[in-house]
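Where a number appears in this text, it was derived from the coordinates with a stated rule and is not lab data. Keep in mind that what you see is a predicted model, and the values were worked out from it rather than measured. A quick note on method: Cβ atoms are made from the backbone with ideal geometry, for glycine too, and the neighbour counts reach across all protein chains shown.
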Amino acid sequence: MIERTYLGLLFVLFAGCADAGGHVAKHESADNLTRTAAALPRLIVASKSGVRIWDDATNIGSDVPPSATLAGIDGQPNGVAVDGDTLLVTSSGASSAVHRFAGASTLADGALPESTVPTSAFGGTLHADNTEVDGRGSLWIQSGLRIQVLPRNATAPRASFTHPSANLEGMAYDEATDTLFSGQGEGEGLLAFGQASSRTGEVTRDYVVVPRTLWHLKIAGGRLFASSYSSPVRIWNDISAVTGPKAPDLEIAGLCDEGGVHGEIRYLTVQNDTLVVLHQAWINNALVEKACIFRDAHALTGLRAPDAVARGLDSTVYYDKAQLTQDGHLFVRDETGIVVFKDATTAPVLVTRLTRGTTDAVDFEVLE
């Protein structure tokens with residue numbers, strides 16, 4: 001998936017300065033600066049019942065209530081993403097489909113969106129399965145039927161990436177070559193769309209990288225990590241050099257399997273040079289889900305045991321996701337809500353489950 005760009009604590013140090021996109025920090029007093037430093041990192045959870053925020057997320061020690069609940073969202077939220085200090089919320093609203101909240105690091109209870117994008121601009125109700133922001137501030141929205149790209153501050157998508165059979169699952173955008181990758185779920189394989197940021201209107205694929213259905217995609221350190229729900233994990237070492245059909249450089253089968261039991265890969269991501277795989281398997285007549293942690297993702301060259309395993313997750317039906325913070329906290333969405341682990345890259349400890357307003361969570365972000 002597309003790398004996220006956060007201002008984090010740098011935003012505090014340079015409050016009042018404009019970023020490359022022309023956004024101006026709105027912290028005007030020492031009190032505001034103090035509150036921002038104390039609040040970060042912020043856990044932002046989109047649930048069908050609303051969008052909620054937990055402050056100081058890596059110091060949460062119990063199932064505490066949220067610090068803030070946002071207002072003014074049309075319909076059910078179905079995605080969240082962060083562009084600098086702007087929070088973007090997608091929803092199934094009849095009137096508005098994208099909601100922009102300025103000052104994501106200091107949003108208070110009842111905060112309203114600064115602006116919205118009408119549902120009509122997307123051609124109908126927006127059913128976002130995945131939302132990501134690239135380095136230019138463009139919001140990429142994958143809905144299964146298509147992928148749409150909404151440039152920063154735009155009032156309508158610039159382009160819609162499609163396939164005759166629809167069913168575009170997962171996405172990864174390579175900024176170095178301006179190429180969008182997506183897995184086509186009806187059998188054609190991993191699709192590539194060139195010059196993606198400048199395309200307009202309906203766009204069809206330029207070529208098929210490999211004829212394999214790949215649902216989970218992430219570009220990190222120049223490598224593309226990809227898998228379907230079954231083994232193996234496939235890796236392209238230099239995805240920017242791929243300009244046509246090409247087999248993966250690595251196929252690693254059985255990653256995260258244990259005891260000879262093959263499982264299902266529910267989700268994968270790479271953050272802070274660490275590969276996180278959410279894995280599910282039937283063991284002793286029980287469905288077991290865990291998070292496998294592989295440090296030094298840039299150097300992964302074959303099957304090996306994970307460096308750490310976070311256990312205690314409840315099986316989930318659909319909205320699997322994980323995010324690893326810089327200090328080693330792991331946040332996972334499972335069937336009970338949001339599960340928080342500390343020391344995830346070494347000896348994971350389950351700290352708590354956040355269940356207040358998260359049992360129907362569909363997406364989340366951690367703003368550092």
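Count neighbours as other Cβ atoms within 10 Å of each site's Cβ, and list the chymotrypsin sites (Phe, Trp or Tyr not before Pro) in the range 263-327 that are DSSP loop with at most 14 such neighbours.
TYR318
Where nothing but the Cβ of Lys and Arg (+1) and of Asp and Glu (-1) is charged, how large is the charge dipole of the range 247-364 around its Cα centre, in debye to the nearest 20?
Dipole of the range 247-364, to the nearest 20 debye: 320 debye.
Which residue, GLY144, GLY260, GLY244, has the most motion in a Gaussian network model of the chain that connects Cα atoms within less than 10 Å?
Among GLY144, GLY260, GLY244, the largest mean-square fluctuation in the Gaussian network model of the chain belongs to GLY260.
In the range 298-351, what trypsin sites (Lys or Arg not before Pro) fall in a loop by DSSP, with at most 10 other Cβ atoms inside 10 Å?
Answer in residue order: ARG304.
Divide by every residue of the chain the summed helix terms, -39500 (n - 2.57) for each DSSP H run of at least 4, and state the resulting mean residue ellipticity at 222 nm, rounded to the nearest 500 deg cm²/dmol.
-1000 deg cm²/dmol
Simple spin-label model, 7 Å along Cα-to-Cβ: ASP307 to ALA121 in nm?
Label at ASP307, label at ALA121, 4.1 nm between them.
So between GLN76 and ALA253, what do we pick up on full extension, going 0.36 nm a residue minus the alpha carbon distance?
Separation in residues times 0.36 nm, less the Cα-Cα distance, equals 59.9 nm.
Note down the net charge around VAL209, summing +1 for each Lys or Arg and -1 for each Asp or Glu among other residues with Cβ under 11 Å from its Cβ.
+2
For the range 223-238, just list the computed ³J(HN,Hα) in residue order, Karplus coefficients 6.51, -1.76 and 1.60, θ = phi - 60°, integers in Hz, with x standing in for Gly and Pro.
Computed from phi, the couplings for the range 223-238 are 9, 9, 9, 8, 7, 8, 7, 10, 5, x, 8, 9, 9, 9, 5, 9 Hz.
What ranking do 269-276, 112-119 get when scored by the average of other Cβ atoms within 10 Å per residue, highest first?
Put in order of decreasing packing, that is 269-276, 112-119.
Starting at the first residue of the range 249-260, write each ³J(HN,Hα) from the Karplus equation 6.51 cos²θ - 1.76 cosθ + 1.60 with θ = phi - 60°, in whole Hz, x for Gly and Pro.
6, 9, 10, 10, 8, x, 5, 5, 5, 8, x, x
Quick one: how many lysine pairs in the chain have C-alpha atoms under 28 angstrom apart, if they're 8 or more apart or on different chains?
The result is 11.
Please report the net charge: other residues with Cβ closer than 11 Å to the Cβ of ILE141, K and R +1, D and E -1.
-1
Using a 10 Å cut-off around each Cβ, can you sort CYS256, CYS292 from fewest to most neighbouring Cβ atoms?
Neighbour counts put them in this order, fewest first: CYS292, CYS256.
So for the pair ASP63, ASP360, with labels modelled 7 Å out along Cα→Cβ, what separation do we get in nm?
1.8
Can you compute the charge dipole magnitude of the chain about its Cα centre, using +1 on each Lys and Arg Cβ and -1 on each Asp and Glu Cβ, nothing else charged? Give it in debye, rounded to the nearest 20.
Computed about the Cα centre, the dipole is about 240 debye.
Tell me the label only: which of (1) 53, 27, 15; (2) 30, 26, 19; (3) 38, 22, 18 is semi-axes √(5λ) of the Cα gyration tensor in Å as calculated from this structure?
Recomputing semi-axes √(5λ) of the Cα gyration tensor in Å here picks out (2).
Can you pull out the GluC sites (Glu not before Pro) in the range 134-207 whose DSSP state is coil and whose Cβ has at most 14 other Cβ atoms within 10 Å?
GLU186
Mind listing the long-range amide H neighbours of THR336? Cut-off is under 5 Å, sequence gap 5 or more, other chains count too, H placed in the peptide plane at 1.01 Å from N.
ASP314
Nothing charged except the Cβ atoms of Lys and Arg (+1) and of Asp and Glu (-1): what's the magnitude of the dipole of the range 103-259 about its Cα centre? Round to the nearest 20 debye.
Rounded to the nearest 20 debye, it is 360 debye.
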